[in-house]
Amino acid sequence: MPVFDLSFLNKEQKEAVQRTDGAVLVLAGAGTGKTRVLTSRIAYIISEGLATIDEILAVTFTNRAAKEMQERTISMLARSGDTISAGETFWIGTFHSLALRMIRPLHEKYRRTSNFSIIDADDQLRIIKKIMLERSIDDKKYTTKQMAYYINRWKDQCRDPEETTQMAKKFSAEEVASKIYRPYQDSLESLDAVDFGDILKISIETFKYNPETLSRYQEKFKYIMVDEYQDTNVAQYMWLRLLSMSHGNICCVGDDDQSIYGWRGADVGNILKFEHDFKNATIIRLGQNYRSTKNIVRAASGLISNNSMRMDKEFWTDDEAGLPILVKALPNPILEAVFITSAVEDRRRKGISFSDMSILVRVAAQTRAFEERFLTVGIPYVVIGGTKFYERKEVKDAVAYLRLAANQDDNMAFERVVNLPKRGIGPSMLNKFFELSRSENISLFAAARRYVNDMATSVVGAKLVAFLDAVDNWHTEIEGLLPHKLMQKILIDSRYIKMLEDSKAIEDESRLETLNELVNALREFETVRGFLDHVGLVLDNSDSANSDRVTISTIHAAKGLEYHTVFIPGFEEAIMPHQRSVAENGAIGIEEERRLCYVALTRAKKEAYITYCSRRNMYGDYGQSHYISPSRFLHDLPKDGVRIL
């Protein structure tokens, strides 16, 4: 039988594969071959007869990564003459998929049937809403999404309802959520269901209170391997600790410098305290980068070295020096988009495909200027980690309001916004409008105006009258107000902005930023009709059939990807680092923002551009242009290998 070939690995990678006993942390910097190490380690353990495939637990964060790991393991084993025996099953998957496999046969221990359901986010919100109605909790003051956020976060921290009632801050949304938590759990039990957060929490509780069950799985899995360990939360950490306690054979691969998901519960402390948590742990550092040029590696290393909360490591490459990191200051975001578009066209003329170039933004609202410019010059693009700007819900809502102000006979616009924010206009009342509209051959707006005369004294009637009067007012002001001023007025008068500001959902904060960018877009038009015609053409200009497209992505969504050329716009204070992260988390927030910069830079293989503007319109002042300072992170970049244009 052939010996398992490890000749394709470097010294540190080979050590990570062959160090099979005890706790091992593989610090794998960007582009250092962590997936190769993980799959080689699984194949090596099987080839050496240390364990069978179903005695290895390999945990990832995405189904795509799990599938890739499984396919690469099978391929490696085949090359060495090994095969997977019939009846053996892979235990390679996400935390939740693997935990679910463990707990479903044990359903009686947590009072469920074998066919229990897993509810989605929408179902969760419906259950919470029902509980809030039963308890007369004002869902305008405390939103269902806000309540779900606290409950989900507590489950990620393995906190029981009784514990949260003791720890919640008095007279706060958190306290309200703590009172909903127990009835919410009771509702799930009565529905024979669990939610996503329950899966790991139930698994941990089952292990804690049923030692024989835990012992069975500890004996079954001789080796445990974990990908992206820096992204684990409290529950994931506890689950891994329990499963590995008996033998201690756990290998975690990760990079503390790429921990960028603190906002969703990831705790970088899990990887930083690995040596403390796992006895006699071995730390193996993979420092050789196989992706990027020397200048990119040098810049990324110099940047991230300014973080204090990180493990010591060296990051290097044998690749050529390559082009310097190019830094360019622009007067405003429009000219920033023009500059980057010209650079994209230049790269394309030099033979680099569109699909090997990416624009990485800190906030989704930044994509608008690039989308507009690409459409103007005919560059195909795709948006990753979000929806195209004019297809986002909040933009379509705002544009519908503007359409209705311009044309009160626009029935589709009326139907979209008449109850947004909620004004008590339910489906039955809307059907009345439709009936009257059809019978009288009039618009829905006119039908609502007639219908409301019979109910003007009711609360709903008063709200509807206020809405109709506001539309009339906006219509009369179209000629007198600049388009962006009218849009600002509509967003305020309609209370759409107030609705988002009152919401505590994280996604609604980004929607406010997107609406600010929409107001900025309107500054470029002299008339409302000109803007609406432009939007219609943009939405009709789809190039989905073309696979050679520039990627526009948030940095969060780009983790794990790589491109020949990367552009990082908006390298300014308030964007990079983001003002909310700094305000809410101080020094910790700044370090995570610096890690985001590091991740963005290390997506580049050959070329990286950094741009920033001297003026930008910030949302808090309703689109007013402000001078803005370059990002503090520019000073972290080493002068060697960086060129100012």
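Going by average Cβ neighbours within 10 Å, how do the peptides 352-358, 479-485 rank, with the highest at the top?
352-358, 479-485
Please list, ordered by chain and number, the residues whose modelled amide H lies under 5 Å from the amide H of Thr554; skip anything fewer than 5 residues away on the same chain.
Val361, Ile384
Out of all DSSP beta bridges in the chain, what portion is antiparallel? Express it as a percent rounded to 5.
Taking every DSSP beta bridge with both residues in the chain, the antiparallel ones total about 10 percent.
Do you know the relative contact order of the range 269-411, to the nearest whole percent, from alpha carbon pairs under 8 angstrom that are 6+ apart?
Relative contact order, the range 269-411: 16 percent.
In Å², what does the accessible area per residue of the range 106-156 work out to with a 1.4 Å probe?
Ligands and nucleic acids excluded, the figure is 60 Å² per residue.
From the square roots a ≥ b ≥ c of the eigenvalues of the alpha-carbon gyration tensor of the range 9-69, which class results: rounded (a/c under 1.5), prolate (a/b over b/c), or oblate?
It comes out oblate by the Cα gyration axes.
Classify the chain: rounded, prolate or oblate, from the alpha-carbon gyration tensor (a ≥ b ≥ c, eigenvalue square roots; a/c under 1.5 rounded; otherwise prolate if a/b is larger than b/c)?
It is oblate, given that a/c is not under 1.5 and a/b is not larger than b/c.
Enumerate the amide H contacts of Glu228 below 5 Å, restricted to partners 5 or more residues apart or on another chain; note that Pro and chain-start residues carry no placed amide H.
Long-range HN contacts for Glu228: Val253.
Place the peptides 359-366, 424-431 in order of packing, highest mean first, counting for every residue the other Cβ atoms within 10 Å and averaging per peptide.
Ranking, from highest mean packing down: 359-366, 424-431.
In debye, nearest 20, what is the charge dipole magnitude of the range 148-289 about its Cα centre with +1 on Lys and Arg Cβ and -1 on Asp and Glu Cβ, if you could check?
280 debye
Would you mind pulling out the separation of the Cα centroids of the range 244-313 and the range 518-538, in Å?
Cα centroid to Cα centroid, the span is 46 Å.
From the square roots a ≥ b ≥ c of the eigenvalues of the alpha-carbon gyration tensor of the range 1-124, which class results: rounded (a/c under 1.5), prolate (a/b over b/c), or oblate?
Taking the square roots of the gyration eigenvalues as a ≥ b ≥ c, the range 1-124 is prolate.
Considering only Leu125, Tyr110, Ser97, whose Cα is most displaced toward the positive end of the charge dipole of the range 79-194, charges sitting on Cβ of Lys, Arg (+1) and Asp, Glu (-1)?
Leu125
Under 17 Å from the Cα of Lys170, which lysines turn up, not counting those fewer than eight places away in the same chain?
Lys141, Lys179
Quick check on the chain: helices-only [θ] at 222 nm, where DSSP H runs of length 4 and up contribute -39,500 (n - 2.57) each and the sum goes over total residues. Nearest 500, please.
So the helix-based figure for the chain works out to -15500 deg cm²/dmol.
What is the dipole size for the range 204-350, taken about its Cα centre, with +1 at each Lys and Arg Cβ and -1 at each Asp and Glu Cβ, in debye to the nearest 20?
200 debye
Amide H neighbours of Gly29 under 5 Å, at least 5 residues apart or on other chains, H built in the peptide plane: list them.
Residues meeting the criterion, in which the H sits 1.01 Å from N, are Leu286.
Which pairs in the list Lys145/Lys208; Lys34/Lys388; Lys11/Lys34; Lys393/Lys489; Lys220/Lys279 are over 23 Å apart, alpha-carbon to alpha-carbon?
Over 23 Å apart, Cα to Cα: Lys145/Lys208; Lys34/Lys388.
Taking the Cα centre of the chain as origin and charging only Cβ (+1 Lys, Arg; -1 Asp, Glu), how large is the dipole, in debye to the nearest 20?
The dipole magnitude comes to about 280 debye.
The values are calculated or read from the model by the stated rules, or taken from the named source; none is laboratory data. What you are looking at is a predicted structure, and each value in this text was computed from that prediction instead of being measured. As a convention, Cβ positions derive from the backbone with ideal geometry for all residues, glycine included, and neighbour counts pool all protein chains shown. The area values use the complete protein model at the heavy-atom level, side chains included, leaving out ligands, DNA and RNA. Shrake-Rupley method; radii C 1.70, N 1.55, O 1.52, S 1.80 Å.
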